[in-house]
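Undergrad: Before anything else, here's the structure in question.
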Amino acid sequence: MAAMCPVCRRQPPADKYRPFCSKRCADVDLQRWFSGSYVIPGGSDEPLGEDGEED
Ligand SMILES: [Zn+2]
C-alpha cells in the first residue's frame, strides 16, 4: 500500500519531497549519500554553509 518515507518510516511521502516526507528527511538521505566525505553539523536548512569554508 502506501510507501512510507524511507528515512523516518513514519510518514507518507510528500509530493514536494518524494520519496521523502519532508525536506528534513530528504536532507538526511542526502547526507547519507555524502557521508564520509561531507558532514553537515546540526539540522541546517542550507545545503551549503554561508560562512565559507576552511582552507
Ligand atoms: Zn520522513
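Where a number appears in this text, it was derived from the coordinates with a stated rule and is not lab data. What you see is a predicted model, and the numbers here were worked out from it, not measured in a lab. Counting neighbours? That spans all protein chains shown, and the Cβs are built from the backbone with ideal geometry, glycine included.
Undergrad: Can you run phi through the Karplus equation (6.51, -1.76, 1.60; θ = phi - 60°) for the range 3-13 and list ³J(HN,Hα) in whole Hz, with x for Gly and Pro?
TA: So the Karplus estimates, Gly and Pro as x, are 7, 8, 4, x, 8, 9, 6, 10, 10, x, x Hz.
Undergrad: Could I ask something else about it? Quickly work out the residue 24-to-residue 9 label distance, labels modelled 7 Å from Cα along the C-beta direction, and quote it in nm with one decimal.
TA: Roughly 1.8 nm, to one decimal.
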